[in-house]
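The values are calculated or read from the model by the stated rules, or taken from the named source; none is laboratory data. Just so it is clear, the structure is predicted and the values come from calculations on it, not from any experiment. Neighbour counts run over all protein chains shown; Cβ positions are idealised from the backbone, glycine included. Accessible surface is based on the protein model in full, side chains and every heavy atom, while ligands, DNA and RNA are left aside. Shrake-Rupley method; radii C 1.70, N 1.55, O 1.52, S 1.80 Å.
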Amino acid sequence: VQTCALPILKTDMYAAMKSGEKEKASALRIVISKLKDRQIEKREDLNKEEILKVLRTLEKQRKESVEQYRSAGRDELADAEQIEADLINTYLPKMMDEMTIRTIVEDVIKETGAESMSDVGKVMPVVMKRGANQIDGKQAQTILRELLD
């Protein structure tokens, strides 16, 4: 992975190891491993969008784990997953707020002429493209469903 993200991640991992931050070092090791796995699958360097996709997937997995652990009463495991999710989030661009997402969704609904839930398939791809990796798809879909109901 010859991108600007990997050297930063490695530097941060080594710093965490030196300072004794085991959880941070471990989480960064996992992130670096996933990025390298993806690069091997692709057989070429990852671009920025692909790196962001891997990071978002890892963050989403951690958040889902937090929910599952909390519902099972395993707060110590949930806390560990939350720490990893927060760490991964520091390497992601800031997500758009709800009002910005709502404005984009409303604009795309007008442009595409969407009128019902059957039009979700033509609205969502445009919304996500406009968001340029800064829109939470789940949140955008919730807003879209609310507006098309």
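Of note:
- For the range 54-149, carbon and sulfur atoms together expose 50% of the accessible surface, with a 1.4 angstrom probe and every protein chain in place.
- Virtual spin-label span in nm between Arg43 and Thr142, 7 Å along Cα→Cβ: 4.2
- For a straight C-alpha distance cut-off of 25 angstrom, the lysines reachable from Lys138 (same-chain residues fewer than eight places away being disregarded) are Lys34, Lys48, Lys53, Lys60, Lys63, Lys94, Lys110, Lys122, Lys129.
- About the centre of its Cα atoms, the chain shows a dipole size close to 620 debye [charges on the beta carbon of Lys, Arg (+1) and Asp, Glu (-1) only; nearest 20 debye].
- Cα-based reach from Lys42 at 15 Å (exclusive), listing aspartates and glutamates while leaving out same-chain residues under 8 positions away: Glu50
- Label assignment, Rg and Dmax of the Cα atoms in Å derived from the structure, set (1) 16.5, 54; (2) 18.2, 57; (3) 17.5, 55: (2)
- For the chain, the solvent-accessible area works out to 63 Å² per residue, with a probe of 1.4 Å and every protein chain left in place.
- Here is the list for the range 9-59: GluC sites (Glu not before Pro) lying in DSSP coil, each with at most 12 other C-beta atoms within 10 angstrom of its C-beta, are Glu44.
- In plain terms, the chain from Gln134 to Lys94 could stretch by 13.7 nm, reckoned as 0.36 nm per residue minus the Cα-Cα distance.
- Given charges at Cβ of Lys, Arg, Asp, Glu: the chain dipole, positive-most of Gly113, Ile88, Ala16: Ala16
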